[in-house]
Each structure stands twice: as structure tokens, then as C-alpha cells.
Amino acid sequence: MKLTSRSVSLVPVVSTVAAVALGATLVVTATANAATTLGAAAAQSGRNFGTAVAAQKLGDSTYVNILNTEFNSVTAENEMKWDATEPNRGQFNYTSGDRILNHALNNGKQVRGHALLWHQQQPRWAQGLSGSDLRQAAINHVTQVATHYRGKIHSWDVVNEAFADGGSGGRRDSNLQRTGNDWIEAAFRAARAADPNAKLCYNDYNTDGINAKSTGIYNMVRDFKARGVPIDCVGIQSHLSNNAPSDYQANLQRFADLGVDVQITELDISGSNQANAFGAVTRACMAVARCTGITVWGIRDTDSWRTGENPLLFTGSGAKKPAYNQVLDALNAGGPGPTTTTTTTTTTTDPVPPGDCTATVSLNQWNGGFVATVKVTAGSSALRGWRVTTTLSGGTVTGSWSANRSGTSGTINWTNVDYNADVPAGQSTEFGFQGSGSGSGLNPTCAAS
């Protein structure tokens with residue numbers, strides 16, 4: 001999770017989070033048409049399923065293949081924090097952060113920014129400041145970094161871990177807190193001014209259930225909403241052991257009821273009940289309409305900050321664990337999305353010569369947005385590459401996965417990426433995209449390339 005070590009009180013409570021009912025069926029049978037990757041399954045209900053990424057691991061082919069195939073959202077593990085982006089005062093270095101960002105965007109994934117201000121992993125020069133000098137430096141840092149990434153970040157963890165553990169429900173003592181109790185508010189206002197379209201989040205750990213710490217954060221968010229301080233989401237880190245607390249879903253829901261999104265931002269679970277616990281957490285998110293995404297903190301067990309606990313969805317060799325199947329099933333089962341949705345299915349029926357392909361689209365649409373999942377099916381001969389053309393006349397693509405695209409509206413050409421170019425005869429692969437406006441009338445056509 002973090003380069004800097006700290007104590008995390010993992011939750012050993014044995015409980016079951018209630019499963020949610022099956023959501024709207026996108027096609028004739030859920031089993032036959034269920035999405036086969038985490039990102040695609042989450043996108044069916046307008047959500048993200050992401051992972052934390054380290055820049056130095058982008059040269060690992062197993063790591064990158066899982067990243068590109070399974071996830072539709074990326075969080076930089078350390079590369080966008082204060083010590084990485086501003087090692088000297090006023091001198092900014094975005095090399096590693098940009099590497100992660102560009103890899104994500106080039107592969108059709110959204111990016112969560114983590115984290116603009118935190119009492120740990122500050123550069124040495126900032127650790128030596130205090131009072132108004134530190135406040136000025138901190139706000140300048142927020143402004144400069146958010147401006148650099150303006151328009152490219154889906155959500156920012158503007159402030160990370162500012163509340164104390166224990167029963168007080170109050171703020172953590174830190175050099176930032178000692179600049180004045182309004183420092184969090186000032187950071188959010190600066191972030192909104194620098195990037196008006198990014199979702200602005202507060203992020204913390206040991207807030208999985210309804211306890212003194214999460215209630216302190218709840219009260220801050222309620223105050224911010226009442227006074228017009230710009231806050232859009234709350235991140236629940238969820239570093240767990242065996243299970244989530246019994247009131248996990250209720251805690252997500254109470255934040256959502258304040259009018260903010262909730263995101264599970266750093267999920268990892270150790271222990272013998274890991275698979276069931278991952279499934280329960282995923283179902284809890286799916287049951288809360290404003291739970292907009294889940295991020296696991298690392299890809300393989302060997303990538304985890306929790307050394308030796310094996311808390312992730314893939315083994316060190318890249319094999320899927322039982323927990324993976326629980327999460328995928330829960331995502332495919334669906335749940336309420338951001339708004340009430342309607343669903344249509346469009347299929348091309350033109351004759352296709354041997355060796356070519358067909359394309360079908362399942363459209364999950366609501367007032368103001370949509371998610372489209374496109375299935376590419378090979379004809380009587382295997383594909384070694386494919387191109388799909390869609391017509392988007394009433395909407396704009398805001399994100400995509402598992403395909404390259406030529407534009408964001410009108411006639412859009414989609415082409416395979418490396419890992420889904422080869423499709424055996426009669427078999428299928430999928431890509432997808434989400435957008436604003438209407439996705440009606442896509443009329444996909446497919447050709448071998």
C-alpha cells in the first residue's frame with residue numbers, strides 16, 4: 001500500500017454482507033453472456049474495477065498482461081505523491097506518474113490520482129516547514145499537480161488519512177493539521193479550481209464499518225456538503241483480514257446518502273476466508289448505487305505491501321485465485337447503477353464471408369450516459385486481428401477498454417489490442433466503452449484486419 005510502514009488494525013470480525021439481487025439482464029442469458037474480465041464486468045453497471053500500479057513493474061510481461069486484460073481503472077501506487085512529484089520546492093517531476101497515466105490512457109483505462117496531500121511521504125524540504133509557509137507550499141503543490149493532470153484524472157484522493165485512529169473521531173496530529181483546521185477544505189477548493197472535472201475524494205483506512213473514525217469523517221463530509229465545500233467522493237481503503245465488518249454496506253450507504261460517491265480504494269484481504277470475503281465486499285458495493293468502483297492494492301500477491309499475507313486476487317505467478325471468481329461472479333450479478341437504466345441489444349445480421357467476423361453490442365443506458373459492451377465473434381476461420389466500426393451520433397465516448405479507438409463520436413473505428421487480436425474460429429472476444437449522452441444506434445460492423 002505505502003512505502004512508509006504504519007500499523008493497520010485489520011478487521012477480524014466474522015460476518016456476512018448481504019448478497020444483492022440479480023440486476024437487469026443485458027442479454028438473453030446471463031451465464032452465456034457474462035463478462036469474462038473484472039473491468040468489463042464492473043462496467044456493465046457503470047462501475048470501475050481497478051488496481052494500484054507501480055511504474056517499475058511495467059516491464060514485467062505477466063504483470064502488464066493482467067493489468068491490460070483485467071482492469072479498467074489504474075491508481076499510481078506512489079508515483080503521484082508529494083515526494084515523487086515535487087522532490088525540491090517548486091521543481092516538479094512527473095516522469096513516473098506520466099508513465100503510468102499514459103499506459104492507462106493508451107489502453108483505454110481511467111486513472112485515479114493518489115494522493116495530493118498526506119502527512120507521510122512528504123519530501124524532506126516540506127517536512128521542515130510549518131505554519132503559513134507550509135500551508136502555502138501545500139496549496140501550491142495541489143494546484144500545480146492537479147493542473148498538470150487536468151482533464152486526465154477521473155478521481156483525486158485530495159487528502160489522505162487525516163483522521164486519527166481510536167475513539168476520538170478527531171483529526172490526526174500532523175504538520176498539515178497544525179497549519180489550521182481548515183487545511184482540508186483549502187486543499188479541496190484548490191483542487192477544484194485546478195481541475196473542475198475531476199472527482200475530489202477524501203481517503204482513509206480503518207473506516208470500513210460505522211465507528212468513531214468513520215463517523216468523524218462522515219461529520220466532516222456532511223459539513224462540507226452543507227457549506228458548499230467541493231467534495232465528490234469518499235474512499236474506503238478496506239485493508240481487511242478474513243471479513244468485512246457486519247455494517248460494511250450500511251457504512252457505504254450512509255456516506256452515499258450524503259450525496260457523495262463512495263469508492264473502495266485499496267482493497268486487499270488476507271486469511272482463510274479470503275474468497276468469501278472478497279465476494280461479500282464486492283456485493284456490498286454493488287448494492288449501493290453510489291459505490292462507483294473498487295480498486296485492489298496490487299495485482300499479484302508478490303506485488304502486495306502486505307508481505308507474506310497473500311491478500312490479492314492473483315498468485316505470484318499470475319494465476320487466478322478462488323477470490324477472483326467470487327469477485328467476477330458478484331460483478332456479473334449486477335446491482336443498482338448510478339441511475340435507473342434501460343437495456344437494449346443490437347445485432348448485425350448481414351451475411352459474413354468465411355474468415356470474417358460479426359459484432360454485437362449490449363447497451364446499458366440511463367439518463368445522461370451509457371455503457372456499451374461489444375462482442376466480436378470470428379467466422380469459420382480464426383481472426384489474427386479485427387476492426388469494428390460504430391456510429392455514435394448522440395453521445396461522446398469518455399472511456400474504453402480492450403480496444404484502440406479512432407475518436408470519441410460520430411463514426412468510430414475500434415481495433416484489437418495485443419492480447420485479444422487472435423480469436424479462434426467461432427469464438428468471441430469483448431471490448432467496451434462508456435460515454436455521456438445517448439449510445440443508441442451504434443450499429444456495429446466487423447471486419448478482419
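The values are calculated or read from the model by the stated rules, or taken from the named source; none is laboratory data. Owing to the predicted nature of the structure, the values given are computational and were not obtained by experimental measurement. We place every Cβ from the backbone using ideal geometry, glycine too, and count neighbours over all the protein chains shown. Surface areas here come from the heavy atoms of the whole protein model, side chains and all, with no ligands, DNA or RNA. Shrake-Rupley method; radii C 1.70, N 1.55, O 1.52, S 1.80 Å.
The set of residues in region 71-82 that are open to solvent by 10 Å² or more (accessible area, probe 1.4 Å) and either out of contact with any strand residue (DSSP E or B) (no Cβ under 8 Å at 6 or more places or on another chain) or within 22 Å of ALA287 (Cα to Cα) (or both) comprises ASN78, GLU79. Annotation: of all residues in region 362-381 being of a type in the set (Val, Ile, Thr) and open to solvent by 10 Å² or more (accessible area, probe 1.4 Å), the one that is modelled with the highest pLDDT is THR377.
Go through the residues of region 152-167 one by one and say whether even a single one is in a helix (DSSP H, G or I), open to solvent by 40 Å² or more (accessible area, probe 1.4 Å) and closer than 25 Å to ASN102 by Cα. First the steps, then the outcome.
In the first step, residues of region 152-167 are kept if they are in a helix (DSSP H, G or I); the result is none.
Checked region 152-167: no residue is in a helix (DSSP H, G or I), open to solvent by 40 Å² or more (accessible area, probe 1.4 Å) and closer than 25 Å to ASN102 by Cα.
One residue stands out in region 277-303 among those that are without any contact (Cβ under 8 Å) to a residue 60 or more places away in the chain and in contact with a strand residue (DSSP E or B) (Cβ under 8 Å, 6 or more places away or on another chain): the one that is farthest from ASN242 (Cα to Cα), namely ARG290.
Among the residues of region 94-104, which ones are open to solvent by 70 Å² or more (accessible area, probe 1.4 Å) and within 20 Å of ASN140 (Cα to Cα)? Answer for region 94-104, where residues must be open to solvent by 70 Å² or more (accessible area, probe 1.4 Å) and within 20 Å of ASN140 (Cα to Cα): just THR95. Pick from ASN107, ASN88: which is touching a Leu at 6+ places or on another chain (Cβ under 9 Å) and open to solvent by 20 Å² or more (accessible area, probe 1.4 Å)? From the options ASN107, ASN88, the qualifying one is ASN107. Against the list (1) touching a strand residue (DSSP E or B) at 6+ places or on another chain (Cβ under 7 Å); (2) surrounded by fewer than 23 Cβ atoms within 10 Å (Cβ to Cβ); (3) within 22 Å of GLN44 (Cβ to Cβ); (4) at pLDDT 90 or above, the condition LEU331 fails is (2).
Among the residues of region 219-240, is there at least one that is out of contact with any Ser or Thr (no Cβ under 6 Å at 6 or more places or on another chain), open to solvent by less than 40 Å² (accessible area, probe 1.4 Å), assigned by the TED database to the domain that holds ALA287 and among the polar types (S, T, N, Q)? Checked against the condition, which is being out of contact with any Ser or Thr (no Cβ under 6 Å at 6 or more places or on another chain), open to solvent by less than 40 Å² (accessible area, probe 1.4 Å), assigned by the TED database to the domain that holds ALA287 and among the polar types (S, T, N, Q), region 219-240 yields at least one hit. Of LEU117, LEU58, all but one fail to be open to solvent by less than 10 Å² (accessible area, probe 1.4 Å) and either of a type in the set (A, V, I, L, M, F, W, C) or not assigned by the TED database to the domain that holds ASP422 (or both); the exception is LEU117.
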